[in-house]
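S.K.: Supplied in structure tokens, the structure appears directly below.
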Amino acid sequence: VYVLVDVFVGSLASRVSGVRERADRWTSSDRDWTSQAGWDLYAQLALKDGELDDAFFLGLLERIEAGIDGAGNRTRHSMNGCVIAIGSRNEALRAAAEASAGRIGVVTVDHGGTGCETPAAIPYIQRTWDRKLAKIGGSRGVA
């Protein structure tokens, strides 16, 4: 079911109006898959919505740090993905996301018998920036 949530968010829910409001509502849910979808939406906002300011994402990092340990299995995975997305947005948020990831530590998610793994946020953010910099010829411009 979690894969369907990821596909639904990426293919539909992130492309219609009201994304932020929906993410706010869904992340407040006690249902793991609903909360997962909300954090996936926030990650989409980090990657695609250039209008939101850094303060919004800094607030999300605080929420993630405060809540990830008690969150549901799939929600933890999506919170970790949101940290990565925020860290991929710009240099200032990269530093904040890496600091948050360091405080959070290893995120443990039960992926069942799939062989899937939850990525470590700091190295993943680094690889994302390496790819970005390679694309723009190595300059340290805006992401």
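S.K.: Which listed residue (112, 134, 93) has the Cα farthest towards the positive end of the charge dipole for the chain, taking +1 on Lys and Arg C-beta and -1 on Asp and Glu C-beta about the Cα centre?
M.R.: 134
S.K.: Determine the calculated [θ] at 222 nm for the chain from helices alone, applying -39500 (n - 2.57) to every DSSP H run no shorter than 4 residues and normalising by the residue count; nearest 500 deg cm²/dmol.
M.R.: The helix-only estimate for the chain comes to -21000 deg cm²/dmol at 222 nm.
S.K.: Measuring with a 1.4 Å probe in the full set of protein chains, what accessible area per residue, in whole Å², belongs to the chain?
M.R.: 54
S.K.: Output the Cα-based Rg and Dmax of the chain in Å, rounding Rg to one decimal and Dmax to a whole number.
M.R.: Both quantities, over Cα of the chain: 14.6, 45 Å.
S.K.: Which residue fluctuates the most in the chain, going by a Gaussian network model with Cα springs under 10 Å, if the choices are 85, 96, 66?
M.R.: 66
S.K.: Over the chain, what is the mean sequence separation of C-alpha contacts under 8 Å (at least six apart), divided by residue count, expressed as relative contact order in percent?
M.R.: With pairs under 8 Å counted, the relative contact order is 20 percent.
S.K.: Apply 1/(1 + (r/R0)^6) to the Cβ-Cβ distance of residue 127 and residue 95, taking R0 = 25 Å, and write down the FRET efficiency to the nearest 0.05.
M.R.: Calculated value: 0.95.
S.K.: Same structure, new question: How much of the accessible area of the stretch 21-114, probe 1.4 Å, is carbon plus sulfur, in whole percent?
M.R.: Carbon and sulfur atoms account for 50 percent of the accessible area of the stretch 21-114.
The values are calculated or read from the model by the stated rules, or taken from the named source; none is laboratory data. These numbers were taken from a predicted model, which means no experiment stands behind them. FYI the Cβ positions are ideal-geometry reconstructions off the backbone, even for glycines, and counts take in every protein chain you see. Accessible surface areas use protein heavy atoms only, side chains included; no ligands, DNA or RNA. Shrake-Rupley method; radii C 1.70, N 1.55, O 1.52, S 1.80 Å.
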